[in-house]
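Data first, discussion second: the structure below is written as C-alpha coordinates.
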Amino acid sequence: MRIGEALVLDYNKDIDLENRKIYIRRTQTKDNNGKAIIGNTTKTNTGQRTLNMNNIIYQIIQGALEHKIDNKEHLLFCKEDRTMYVENSINSSLKRIALDLNIGIYEEENTKRKLVKKTDIHTHMLRGTFATRCAEAKIAPAVLKKILGHTDITVTMKYYVDVDIEFEKTENKNVEDYLINKEIFNIDSDYDYA
(Lines give C-alpha, C1' and ligand atoms only; values in the text may rest on other atoms or scores of the structure.)
Protein backbone atom coordinates (compact mmCIF):
# COMPACT_ATOMS: atom_id res chain seq x y z
CA MET A 1 0.00 0.00 0.00
CA ARG A 2 1.11 3.57 -0.58
CA ILE A 3 2.34 5.52 2.45
CA GLY A 4 -0.50 8.01 2.04
CA GLU A 5 -3.01 5.14 2.12
CA ALA A 6 -1.45 3.64 5.25
CA LEU A 7 -1.42 6.96 7.11
CA VAL A 8 -5.20 7.38 6.78
CA LEU A 9 -6.35 3.85 7.63
CA ASP A 10 -9.43 4.07 9.85
CA TYR A 11 -9.25 1.42 12.57
CA ASN A 12 -13.07 1.22 12.71
CA LYS A 13 -13.90 1.14 8.99
CA ASP A 14 -10.80 -0.11 7.19
CA ILE A 15 -9.59 -2.98 9.39
CA ASP A 16 -11.60 -6.22 9.59
CA LEU A 17 -9.62 -8.71 11.70
CA GLU A 18 -12.45 -11.24 11.76
CA ASN A 19 -12.47 -11.58 7.96
CA ARG A 20 -8.77 -10.66 7.63
CA LYS A 21 -9.40 -7.72 5.30
CA ILE A 22 -7.96 -4.22 4.92
CA TYR A 23 -10.10 -1.79 2.95
CA ILE A 24 -8.17 0.90 1.07
CA ARG A 25 -10.70 3.70 0.51
CA ARG A 26 -8.72 6.94 0.60
CA THR A 27 -5.29 8.51 0.76
CA GLN A 28 -3.56 11.48 2.30
CA THR A 29 -3.57 14.48 0.00
CA LYS A 30 -3.08 18.26 0.27
CA ASP A 31 -5.55 21.10 0.34
CA ASN A 32 -5.19 24.30 -1.72
CA ASN A 33 -2.78 25.71 0.88
CA GLY A 34 -0.51 22.65 0.76
CA LYS A 35 -1.67 21.30 4.14
CA ALA A 36 -1.95 17.50 4.47
CA ILE A 37 -5.55 16.32 4.71
CA ILE A 38 -7.44 13.05 4.48
CA GLY A 39 -8.71 12.69 0.94
CA ASN A 40 -12.10 11.31 0.00
CA THR A 41 -10.68 8.74 -2.38
CA THR A 42 -7.46 7.02 -3.43
CA LYS A 43 -4.93 8.11 -6.04
CA THR A 44 -6.71 6.13 -8.77
CA ASN A 45 -10.03 4.27 -9.09
CA THR A 46 -8.19 0.95 -8.88
CA GLY A 47 -6.52 2.27 -5.73
CA GLN A 48 -9.78 1.55 -3.92
CA ARG A 49 -9.34 -2.09 -3.09
CA THR A 50 -9.61 -4.81 -0.48
CA LEU A 51 -6.44 -6.50 0.69
CA ASN A 52 -6.42 -9.93 2.27
CA MET A 53 -4.28 -10.28 5.37
CA ASN A 54 -1.87 -13.19 5.45
CA ASN A 55 -0.67 -14.36 8.89
CA ILE A 56 2.26 -11.91 8.91
CA ILE A 57 0.12 -8.89 8.06
CA TYR A 58 -2.57 -10.04 10.49
CA GLN A 59 -0.10 -10.10 13.38
CA ILE A 60 1.35 -6.69 12.44
CA ILE A 61 -2.12 -5.11 12.22
CA GLN A 62 -3.17 -6.79 15.45
CA GLY A 63 -0.11 -5.27 17.17
CA ALA A 64 -0.85 -1.85 15.67
CA LEU A 65 -4.42 -2.05 16.96
CA GLU A 66 -3.20 -2.97 20.44
CA HIS A 67 -0.99 0.15 20.47
CA LYS A 68 -3.29 2.56 18.66
CA ILE A 69 -4.00 5.96 20.14
CA ASP A 70 -7.69 6.86 20.14
CA ASN A 71 -8.27 9.92 17.97
CA LYS A 72 -11.22 11.72 16.39
CA GLU A 73 -10.36 10.52 12.86
CA HIS A 74 -9.90 6.88 14.04
CA LEU A 75 -6.47 6.79 12.38
CA LEU A 76 -4.64 3.53 13.00
CA PHE A 77 -1.36 5.47 12.97
CA CYS A 78 -1.30 8.88 14.61
CA LYS A 79 1.05 11.00 16.68
CA GLU A 80 0.89 11.10 20.47
CA ASP A 81 -0.95 14.43 20.23
CA ARG A 82 -3.64 12.52 18.28
CA THR A 83 -2.91 14.31 15.00
CA MET A 84 -2.19 12.77 11.63
CA TYR A 85 1.32 11.86 10.58
CA VAL A 86 2.32 13.64 7.40
CA GLU A 87 3.93 11.71 4.55
CA ASN A 88 6.87 14.14 4.36
CA SER A 89 7.71 13.65 8.05
CA ILE A 90 7.76 9.86 7.59
CA ASN A 91 10.10 10.29 4.61
CA SER A 92 12.35 12.61 6.64
CA SER A 93 12.56 10.08 9.48
CA LEU A 94 13.40 7.28 7.06
CA LYS A 95 16.12 9.43 5.48
CA ARG A 96 17.65 10.17 8.90
CA ILE A 97 17.76 6.45 9.67
CA ALA A 98 19.30 5.70 6.26
CA LEU A 99 21.96 8.39 6.80
CA ASP A 100 22.80 6.96 10.24
CA LEU A 101 23.16 3.48 8.69
CA ASN A 102 24.99 4.72 5.56
CA ILE A 103 22.33 3.39 3.20
CA GLY A 104 21.92 4.93 -0.25
CA ILE A 105 24.52 7.60 0.48
CA TYR A 106 25.79 10.17 -1.99
CA GLU A 107 27.38 13.59 -1.64
CA GLU A 108 26.00 16.81 -3.04
CA GLU A 109 27.17 20.39 -2.94
CA ASN A 110 24.88 22.66 -0.93
CA THR A 111 24.22 26.36 -1.51
CA LYS A 112 27.38 27.24 0.43
CA ARG A 113 29.37 25.01 -1.96
CA LYS A 114 30.08 22.53 0.82
CA LEU A 115 29.75 18.78 0.18
CA VAL A 116 26.99 17.29 2.31
CA LYS A 117 26.01 13.66 2.80
CA LYS A 118 22.55 12.74 1.49
CA THR A 119 20.55 9.57 0.87
CA ASP A 120 18.30 8.57 -1.98
CA ILE A 121 16.10 6.45 0.31
CA HIS A 122 12.38 7.28 0.50
CA THR A 123 9.20 5.49 1.56
CA HIS A 124 8.08 4.65 -1.98
CA MET A 125 11.15 2.42 -2.29
CA LEU A 126 9.62 0.16 0.38
CA ARG A 127 6.65 -0.39 -1.91
CA GLY A 128 8.98 -1.31 -4.77
CA THR A 129 10.92 -3.70 -2.55
CA PHE A 130 7.67 -5.33 -1.46
CA ALA A 131 6.63 -5.77 -5.10
CA THR A 132 10.00 -7.32 -5.97
CA ARG A 133 9.80 -9.76 -3.05
CA CYS A 134 6.27 -10.71 -4.20
CA ALA A 135 7.57 -11.36 -7.72
CA GLU A 136 10.41 -13.48 -6.32
CA ALA A 137 7.82 -15.44 -4.33
CA LYS A 138 6.10 -16.13 -7.67
CA ILE A 139 2.94 -14.16 -6.99
CA ALA A 140 0.90 -13.82 -10.18
CA PRO A 141 1.41 -10.41 -11.82
CA ALA A 142 -2.36 -9.84 -11.98
CA VAL A 143 -2.61 -10.37 -8.21
CA LEU A 144 0.34 -8.04 -7.57
CA LYS A 145 -1.31 -5.39 -9.79
CA LYS A 146 -4.45 -5.61 -7.63
CA ILE A 147 -2.53 -5.46 -4.35
CA LEU A 148 -0.61 -2.38 -5.50
CA GLY A 149 -3.77 -0.72 -6.83
CA HIS A 150 -2.46 -0.20 -10.34
CA THR A 151 -4.70 0.43 -13.33
CA ASP A 152 -2.25 -1.07 -15.83
CA ILE A 153 -0.15 -4.20 -15.27
CA THR A 154 2.70 -2.74 -17.35
CA VAL A 155 3.22 -0.15 -14.58
CA THR A 156 3.46 -2.96 -12.05
CA MET A 157 6.03 -4.88 -14.06
CA LYS A 158 8.03 -1.93 -15.39
CA TYR A 159 8.46 0.15 -12.27
CA TYR A 160 7.99 -2.16 -9.32
CA VAL A 161 9.55 -5.49 -10.13
CA ASP A 162 13.33 -5.42 -10.07
CA VAL A 163 14.56 -8.97 -10.47
CA ASP A 164 17.85 -9.75 -8.79
CA ILE A 165 20.47 -12.08 -10.30
CA GLU A 166 19.82 -14.98 -7.90
CA PHE A 167 16.10 -14.91 -8.68
CA GLU A 168 16.87 -14.88 -12.40
CA LYS A 169 19.20 -17.89 -12.00
CA THR A 170 16.55 -19.78 -10.04
CA GLU A 171 13.91 -19.08 -12.66
CA ASN A 172 16.25 -20.15 -15.47
CA LYS A 173 16.95 -23.39 -13.57
CA ASN A 174 13.18 -23.96 -13.24
CA VAL A 175 12.81 -23.63 -17.02
CA GLU A 176 15.76 -25.96 -17.60
CA ASP A 177 14.36 -28.59 -15.22
CA TYR A 178 10.95 -28.37 -16.87
CA LEU A 179 12.38 -28.80 -20.38
CA ILE A 180 14.60 -31.70 -19.31
CA ASN A 181 11.77 -33.45 -17.43
CA LYS A 182 9.49 -33.11 -20.45
CA GLU A 183 12.33 -34.37 -22.69
CA ILE A 184 11.64 -31.51 -25.08
CA PHE A 185 15.21 -31.17 -26.33
CA ASN A 186 16.47 -34.67 -25.52
CA ILE A 187 19.45 -33.26 -23.59
CA ASP A 188 21.58 -35.15 -21.08
CA SER A 189 20.48 -33.87 -17.65
CA ASP A 190 23.67 -35.21 -16.02
CA TYR A 191 26.01 -33.10 -18.17
CA ASP A 192 28.27 -30.89 -16.03
CA TYR A 193 28.75 -27.42 -17.55
CA ALA A 194 31.29 -26.28 -14.94
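Data table
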read-out	value
The range 1-129, relative contact order in percent, only Cα pairs under 8 angstrom and at least six apart counted	22
20 Å tail of the calculated P(r), the range 97-173, as % of Cα pairs	49
Charged-residue dipole, Cβ positions (Lys, Arg, Asp, Glu), the chain about Cα centre, Debye nearest 20	1280
Residues Glu166 and Asp120, FRET efficiency given R0 of 25 Å [Cβ-Cβ distance, rounded to 0.05]	0.60
Selected from Ile103, Ile69, Ile147, residue furthest toward positive end of dipole (the chain; charges at beta carbon)	Ile69
Most fluctuating residue given options Val143, Val175, Val155, as computed from a GNM of the chain linking Cα atoms under 10 Å	Val175
Student exercise, the range 1-111 dipole from Lys, Arg, Asp, Glu Cβ charges, in Debye to nearest 20	460
Sites excluded, GluC sites (Glu not before Pro) in DSSP loops with at most 14 other C-beta within 10 Å, longest stretch of the chain	81-182
Qualifying trypsin sites (Lys or Arg not before Pro) in the range 63-117, DSSP loop, other Cβ atoms within 10 Å at most 11	Lys72, Lys112, Arg113, Lys114
Summed side-chain charge close to Val86 - residues other than Val86 whose Cβ falls under 12 Å, Lys, Arg +1, Asp, Glu -1	+2
At R0 = 30 Å, FRET efficiency that the Cβ-Cβ distance of Ala137 and Asn40 yields, to 0.05	0.30
Residues Glu73 and Leu17, FRET efficiency given R0 of 22 Å [Cβ-Cβ distance, rounded to 0.05]	0.65
Normalised alpha carbon radius of gyration of the chain [divisor 2.2 N^0.38 Å]	1.33
Apportionment of accessible area to carbon and sulfur, the chain, percent (1.4 Å)	52
Top positive-direction residue, dipole computed over the chain with Cβ charges, set Tyr178, Ile60, Val86	Val86
Gyration tensor (alpha-carbon) shape descriptor, the range 27-67, a/c threshold 1.5	oblate
Local electrostatic count at Arg25 - Lys and Arg +1, Asp and Glu -1, tallied over other residues with Cβ under 15 Å	+1
Overall form of the range 10-113 per C-alpha gyration tensor (a/c, 1.5; a/b vs b/c)	prolate
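The values are calculated or read from the model by the stated rules, or taken from the named source; none is laboratory data. These numbers were taken from a predicted model, which means no experiment stands behind them. All Cβ positions, even for glycine, are placed from backbone atoms using ideal geometry, and neighbour counts span all protein chains on display. The protein model used for the area step is the full one, side chains on, heavy atoms only, and it has no ligands, DNA or RNA in it. Shrake-Rupley method; radii C 1.70, N 1.55, O 1.52, S 1.80 Å.
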